[in-house]
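Q: This is the structure, below, for whatever I ask next.
The values are calculated or read from the model by the stated rules, or taken from the named source; none is laboratory data. A quick note: this is a predicted structure, and the numbers were derived from the prediction, not measured. As a convention, Cβ positions derive from the backbone with ideal geometry for all residues, glycine included, and neighbour counts pool all protein chains shown.
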Amino acid sequence: MTRKHDAIFDDVLSGLDAPAPADERAGARFLKRTSAISERMSGELEEKTLRWIDPARCRMWDRHNREYALLNEENCRDLIDGIRSQGRQEFAAIVRASADPAYDYEVICGARRHFAVSWLRANNYTQFKYLVEVRDLSDEEAFRLADIENRDREDISDYERAIDYADAVERYYGGKQKAMAERLEVSQPWLSRYLQLAKLPAAIVAAFPTVRDIRERNARELKPLLADAEAAARITEEAGAIAREQAQARQGRGAYLDGVAVMRRLLRAGRPAQAKAPPEGKVYRRSGAERGIEVRQKGRKVVMEFEDSLSRPQLEAAFLAYLKDRFPA
């Protein structure tokens, strides 16, 4: 046998000499272990090595698609409570060896789990450890793995995902959207919308309370307005004003504007003001078949208009009709 097969047999048969439960027949035990050997040697059974470690031994991968600084007790509360009630972390995070000598591993998938276990250990639950699976991954493989795990998660914002995609298309796929879409198994239009979101000007990004409030549809709504120089200037100016209000809110002065309110103001700034239709006036004339005087209110003034071809009798009759209407007996 090869060393690999020897190791498999040693592992599977390591417990043969251990005392068997009274109700377990020797034949059943032998068949179960024979089946396990067969599955391993055929490749049908894949083993993974999981480790329980101190989360402080891990750092986030530099190109992790989640903004770790935005994680807090509130938005990780469900996970914190789940780990505490189960007594341990149920699903392993995926890590790889770290090139940074200050850490053993870097986290590819599992930032929220890392935060939750770290929070528990810092808050009198020191018995908890971080469950990880160590893999040997290239950067491109790490990117695709993280994307697959987090693509449908609502706790990663559209903007975080867009920035990750914009970096990846240049870094791993030579700027070719088609190649990237094929590797991720997504449509090109879908990917293009996220890459467009990543191009949102920094001034507009700063207007939102956090990047988690920025949605993919926001870029689609603003794109046609930003294509017009004058509209873009108005939007940028309004975004600056909103950003200052958000900064004051962070200092406890005033309330934050949520993403919906921010978009409402930006769109209003970008769209040209609708010209008001001139107020309709009332026409006074001598008879129904004749032209007369059009009279309308403009602020505190009364404006009268008439054609210069009207005769004196026509003007006098029309003006008299106006006076009777204005000053009834």
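Q: State all residues of segment 311-329 that are assigned to a loop (DSSP other than H, G, I, E, B) and not hydrophobic (A, V, I, L, M, F, W, C); if no residue qualifies, say none.
A: S311, P328
Q: Could you identify the single residue in Y194, Y173 that is part of a loop (DSSP other than H, G, I, E, B) and closer than 21 Å to D62 by Cβ?
A: Exactly one residue qualifies, and that residue is Y173.
Q: Take the conditions within 19 Å of the chain's Cα centre (by Cα), without any contact (Cβ under 8 Å) to a residue 60 or more places away in the chain and not in a loop (DSSP other than H, G, I, E, B) and apply them to A207. Does it pass?
A: No; evaluated as a whole, the condition is false for this residue.
Residues checked against (1) at pLDDT 95 or above; (2) of a type in the set (S, T, Y); (3) assigned by TED's automatic domain parsing to the domain that holds A233; (4) exposed (fewer than 15 other Cβ atoms within 10 Å of the Cβ):
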| residue | (1), (2), (3), (4) |
| --- | --- |
| I156 | no, no, no, no |
| Y159 | no, yes, no, no |
| A162 | no, no, no, no |
| D167 | no, no, no, yes |
| M180 | yes, no, no, no |
| V186 | no, no, no, no |
| P209 | no, no, yes, no |
| R212 | no, no, yes, no |
| R215 | no, no, yes, no |
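Q: Another question, if that's okay. Is it the case, given these coordinates, that R144 is modelled with pLDDT under 95 and either touching a strand residue (DSSP E or B) at 6+ places or on another chain (Cβ under 7 Å) or surrounded by 16 or more Cβ atoms within 10 Å (Cβ to Cβ) (or both)?
A: yes
Q: Okay, next question. I'd like to verify a number: residues in segment 88-106 that are of a type in the set (D, E) and not in a loop (DSSP other than H, G, I, E, B), how many?
A: Of the residues in that region, 1 qualify.
Q: Taking the criterion of being over 29 Å from Y194 (Cβ atoms), surrounded by fewer than 20 Cβ atoms within 10 Å (Cβ to Cβ), without any contact (Cβ under 8 Å) to a residue 40 or more places away in the chain and among the hydrophobic types (A, V, I, L, M, F, W, C), would at least one residue in segment 79-97 satisfy it?
A: yes
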